[in-house]
Each structure stands twice: as C-alpha cells, then as structure tokens.
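Peer 1: Below you will find the structure I want to go over with you.
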Amino acid sequence: MTGVHEELRRRNRAGARLRLWEAHLIRTAPVTPGCLRVTLGGSGLAPFADGALPADAIKLALPAEPGDDPVVRGTFPNLEFDGPRPAFRPYTVRRFDPVSTELDLDVVLHGDGPGARWARTAVPGQPVRFTGPRSEFWACPDVDAHLLVGDATAAPGAVAILESLPGADARALLQVDGPAERCSDDPRIVWLHDDPVVALRDLALPGGRVQAWVAGEAAMVRDVRRHLLRERGLDRSDLHASGYWRRGMTVTETDAGRMAAFTAASGTARAYDDHHDVDLAEV
C-alpha cells in the first residue's frame with residue numbers, strides 16, 4: 001500500500017523539476033478583496049508542465065525591501081545574487097496552462113511583507129524569477145475519499161486540488177474572513193468563518209480509506225492533524241499537513257524559525273532538503 005507522505009517525499013527528493021525559472025509578469029487581477037491573482041508567463045515555462053501536480057509549490061525571489069532589485073542566477077540549488085539578496089517566499093500554483101505557458105498564483109494580501117508588497121505593486125513585463133516546484137499533493141489511486149482543511153492561505157491549493165478531482169468523493173473545510181473571500185462555488189467546499197477544528201469534529205467522514213491535506217496557520221494545522229490521527233484513526237502515511245504561517249509572527253520571523261529548525265536537524269534522521277520544507281506546525 002503506497003502512502004501519500006512517502007510518495008511525495010520520493011517525488012521531491014528526485015528533484016528532477018527543481019530549478020531556477022525565469023518568467024515575466026503578464027497581469028494581476030483581484031480574486032477577492034483580500035486576494036490578488038498574479039499571472040506569470042514566458043516561453044521558458046513550457047517544461048513546467050512535465051510532472052505537474054495540483055497545489056505544486058514554488059518560491060518567488062522577491063525584493064526584500066522597497067526599492068531593491070535583486071538578480072538571481074546560477075543553477076539550482078547553487079544560486080548567486082547580484083545586488084541585494086532576495087526574499088524567497090513560497091506560493092502554491094493555482095493553475096498552469098501548458099498551451100499559453102501561463103502560471104497563476106493567488107496571493108493573499110495580508111500585512112506589508114515582501115509577497116503582499118510585490119503583488120500590489122507589480123507591473124506587466126516585470127521579470128520574475130522563482131525556484132521549484134515541489135509537490136504537496138498526490139492523489140493516491142487506492143483511497144476512497146479526500147478531505148481538505150485549511151484557511152485563506154490554503155484556499156488556492158485546496159481549490160486546485162478539488163478541480164483535479166472531478167466527481168471524486170472529496171470535501172473541504174476552508175476558513176476565510178467573510179463571504180466576500182470565498183473564491184470558489186464548488187459544492188464540495190464548506191466555507192467557515194471560525195476555527196475549522198470545531199466544524200471538523202462535527203463532520204462525518206466517509207467510510208474506507210481517507211486521504212487528508214491540511215494547510216494554513218501552524219496551530220490550526222497542528223490541532224487538525226492531532227484530531228485526525230488520534231480521534232479519527234487516520235493513517236499517518238495518508239496525511240499531508242503543512243503549517244504555512246504562525247499567528248503573532250511576521251513572515252521574516254517565521255522564516256527565521258524555519259531556518260533554525262533546518263539547521264538543528266542537519267545531519268539527523270529528520271534532516272530537511274530545504275528550510276522551507278520545515279512544517280511550522282512541528283516547531
């Protein structure tokens with residue numbers, strides 16, 4: 001029996017798709033009041049379709065401070081920087097069109113960090129460099145149903161996953177700030193405005209083998225994971241959980257926390273390939 005967690009680790013460790021990509025910004029368009037869709041393009045993105053999975057993750061090389069103009073070059077992972085070092089920020093791919101070679105990212109506009117600031121001020125034609133992608137979802141053919149749980153930062157990935165599972169027994173619990181932030185009308189989504197753990201406790205899971213994908217704020221992810229494993233008996237190998245951010249901490253602070261955990265794990269059985277692989281729900 002193939003476990004989801006093991007399969008994702010195998011695909012990501014192979015690293016055949018991990019590289020430095022060069023693109024340019026085509027356009028931006030609002031998805032909801034608090035979320036902006038950024039579309040990248042360029043003929044160099046054509047190979048991105050090879051092995052692509054829903055909710056693949058990339059890391060944009062963004063100006064760390066207003067006015068910075070970082071240039072990234074080299075061969076991944078041995079990158080070199082001209083000018084100020086960029087801030088690398090992870091985002092989930094919302095959609096990639098292999099015909100137009102357009103790649104959509106839905107950026108949540110909270111705070112004034114490098115990601116939100118870049119999305120608000122980006123202009124068409126602007127060069128964009130990014131690394132990746134890394135897979136965060138793989139639909140195991142042996143499972144009977146799918147469960148997705150997350151907050152607004154996880155919504156783009158969750159919706160992309162649902163779109164890849166037409167007709168499947170799948171359901172999602174997604175927490176957003178209000179009705180205006182609902183970014184899909186898929187009937188399999190239950191939109192929440194409170195802690196999804198509460199709703200999850202009242203949710204009747206389908207019978208058989210369930211695959212779960214959980215992402216968002218670290219404490220929420222930790223609570224959902226604990227509930228699914230301890231109270232629902234979900235097999236750990238069928239669960240992918242990822243803490244994207246931590247309440248009360250800036251993106252810079254959470255990045256530093258990931259780096260500290262990455263350094264501490266180096267040389268041990270828990271060693272990570274990259275500090276962005278550190279799950280904030282575990283540190």
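Peer 1: Quick check: pseudo-label points 7 Å beyond the Cα along Cα→Cβ at residue 195 and residue 75, how many nm apart are they?
Peer 2: 5.0
Peer 1: Distance between the C-alpha centers of the range 173-212 and the range 1-59? Whole Å please.
Peer 2: Distance between centres, Cα-based: 24 Å.
Peer 1: Neighbour counts of other C-beta atoms within 10 Å: give me 234, 205, 103 arranged from fewest to most.
Peer 2: If I rank by nearby Cβ atoms, fewest first, I get 205, 234, 103.
Peer 1: For the range 1-143, what percent of Cα pairs sit more than 18 Å apart?
Peer 2: The calculated P(r) of the range 1-143 puts 57 percent of pairs beyond 18 Å.
Peer 1: Once the cut-off is 24 Å, how many percent of the Cα-Cα pairs in the chain end up in the long-distance tail?
Peer 2: Distances greater than 24 Å cover 49 percent of the Cα pairs.
Peer 1: With the chain treated as a Gaussian network of Cα nodes joined by springs under 10 Å, which of 216, 113, 243 yields the largest mean-square fluctuation?
Peer 2: Looking only at 216, 113, 243, the largest GNM fluctuation is found for 113.
Peer 1: With unit charges on the beta carbons (Lys and Arg positive, Asp and Glu negative) and the dipole taken about the Cα centre of the range 18-134, which residue among 54, 38, 105 sits farthest to the positive side?
Peer 2: Of 54, 38, 105, it is 54.
Peer 1: By how many nm would the segment from residue 182 to residue 164 lengthen if fully extended, with 0.36 nm per residue of separation less the alpha-carbon distance?
Peer 2: So the chain would gain 4.6 nm between residue 182 and residue 164.
Peer 1: Okay, next question. Tell me, in nm to one decimal, what length is gained between residue 5 and residue 126 on full extension, where the rule is 0.36 nm per residue of separation less the Cα-Cα distance?
Peer 2: Contour length minus Cα-Cα distance gives 39.9 nm.
Peer 1: With charges only on Cβ, +1 for K and R and -1 for D and E, what is the dipole size of the range 18-134 about its Cα centre, in debye, rounded to 20?
Peer 2: Magnitude of the dipole: close to 180 debye.
Peer 1: Another question, then. Fewest first, what order do 7, 217 take by the number of other Cβ atoms within 10 Å?
Peer 2: Ranked by crowding around the Cβ, least crowded first: 7, 217.
Peer 1: Right, something else. What's the exposure ranking of 100, 43, 135, going from fewest to most Cβ atoms within 10 Å?
Peer 2: With the fewest neighbours first, 100, 43, 135 line up as 43, 100, 135.
Peer 1: Before anything else, pin down the relative contact order of the range 1-147: Cα pairs under 8 Å, at least 6 apart, normalised by residue count, whole percent.
Peer 2: Dividing the mean separation by the residue count of the range 1-147 yields 37 percent.
Peer 1: Could you pull out every residue, at least 5 positions away or on a different chain, whose amide H is within less than 5 Å of the one on residue 246? Hs are placed 1.01 Å off N in the peptide plane, and Pro or chain starts have none.
Peer 2: Close amide H contacts, sequence-distant or interchain: 218.
Peer 1: Looking at the calculated P(r) for the range 80-151, what percent of the C-alpha pair distances fall above 14 Å?
Peer 2: 75
Taken together, the values in this text are just the output of simple stated rules run on the coordinates, not laboratory data. Remember, it's a predicted structure, so these values are computed and weren't measured experimentally. Here Cβ is always computed from backbone atoms with ideal geometry, including for glycine, and neighbour counts include all displayed protein chains.
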